[in-house]
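S.K.: What follows is a single structure, and I will ask about it in a moment.
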Amino acid sequence: MNRPVTDVKVIVNVPEGVDPNAIRAAIVMEGVTVEMPTRRPLEVRLPFNVDGDLATAEYVMTTRVLTISAPYKSYEDVVREYEERVGKEAAKVKLDSSFLEL
């Protein structure tokens, strides 16, 4: 407790009969989705951003457990990378007074 977040782990028990090679996982900034044949997708929303490019997954055959890990990504890093990708001026949100009318 009271420690900064450094990473997230999502642990999934894979049911009998599911081929581990058929499991698909998608890790994006705000969540993790795990898809298995004949099962509903498991969607985990995160209260913070993670770096999907640095995510890893490990499957242990003996326990049928899939562990997905991804490092925490600060909001500042997300904004900086976006600005680098589209340009600082293009990243600015422009609002006019009509946007604020209710």
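Residues checked against (1) touching a Gly at 6+ places or on another chain (Cβ under 6 Å); (2) within 26 Å of Arg3 (Cβ to Cβ):
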{"residue": "Arg24", "(1), (2)": "no, no"}
{"residue": "Glu43", "(1), (2)": "no, no"}
{"residue": "Leu46", "(1), (2)": "yes, yes"}
{"residue": "Ala57", "(1), (2)": "no, yes"}
{"residue": "Thr63", "(1), (2)": "no, no"}
{"residue": "Asp77", "(1), (2)": "no, yes"}
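S.K.: Search segment 56-68 for residues being touching a Leu at 6+ places or on another chain (Cβ under 9 Å) and surrounded by 14 or more Cβ atoms within 10 Å (Cβ to Cβ), and hand back the single one that is nearest to Asn21 (Cα to Cα).
M.R.: Pass one, segment 56-68, residues touching a Leu at 6+ places or on another chain (Cβ under 9 Å): 57-60.
Those still in the list that are surrounded by 14 or more Cβ atoms within 10 Å (Cβ to Cβ) too: 57, 59.
Working: Ala57: 12, Tyr59: 10 Å.
Among those residues, the one meeting the criterion is Tyr59.
S.K.: Output the residues belonging to segment 37-55 that are buried (at least 16 other Cβ atoms within 10 Å of the Cβ) and in contact with a helix residue (DSSP H, G or I) (Cβ under 7 Å, 6 or more places away or on another chain). It would help to see each step written out before you state the result.
M.R.: We begin by selecting, within segment 37-55, every residue buried (at least 16 other Cβ atoms within 10 Å of the Cβ); these are 46, 49-52, 55.
Asn49, the sole residue that qualifies.
S.K.: So, of the residues in segment 60-89 that are aliphatic (A, V, I, L, M) and touching a helix residue (DSSP H, G or I) at 6+ places or on another chain (Cβ under 9 Å), which turns out to be farthest from Thr33 (Cα to Cα)? Before the answer, list the steps.
M.R.: Residues of segment 60-89 that are aliphatic (A, V, I, L, M), as a first pass: 60-61, 65-66, 68, 70, 78-79, 86.
Narrowing the set further to residues that are touching a helix residue (DSSP H, G or I) at 6+ places or on another chain (Cβ under 9 Å) leaves 61, 66, 70, 79.
Details: Met61: 21, Leu66: 12, Ala70: 13, Val79: 23 Å.
If we take residues in segment 60-89 being aliphatic (A, V, I, L, M) and touching a helix residue (DSSP H, G or I) at 6+ places or on another chain (Cβ under 9 Å), then Val79 is farthest from Thr33 (Cα to Cα).
S.K.: Moving to a separate point now. Specify which of the listed residues (Glu35, Glu58, Glu43) is among the acidic types (Asp, Glu), farther than 19 Å from Val78 by Cβ and free of Cβ contacts under 8 Å to residues at least 12 places away in the same chain. I'd like the intermediate steps shown before the answer.
M.R.: Numbers: Glu35 fails: free of Cβ contacts under 8 Å to residues at least 12 places away in the same chain; Glu43 fails: free of Cβ contacts under 8 Å to residues at least 12 places away in the same chain.
Only one candidate passes the filter, namely Glu58.
S.K.: Filter segment 15-53 down to the residues that are on the phi > 0 side of the Ramachandran plot and of a type in the set (Val, Ile, Thr) and list them by number.
M.R.: Thr38
Read-outs: derived from the displayed coordinates by stated rules, not from any lab. Just so we're clear, the structure is a prediction, and the values are computed from it rather than from any experiment. Neighbour counts are summed over all protein chains in view; Cβ atoms, including those assigned to glycine, are modelled from backbone coordinates with ideal geometry.
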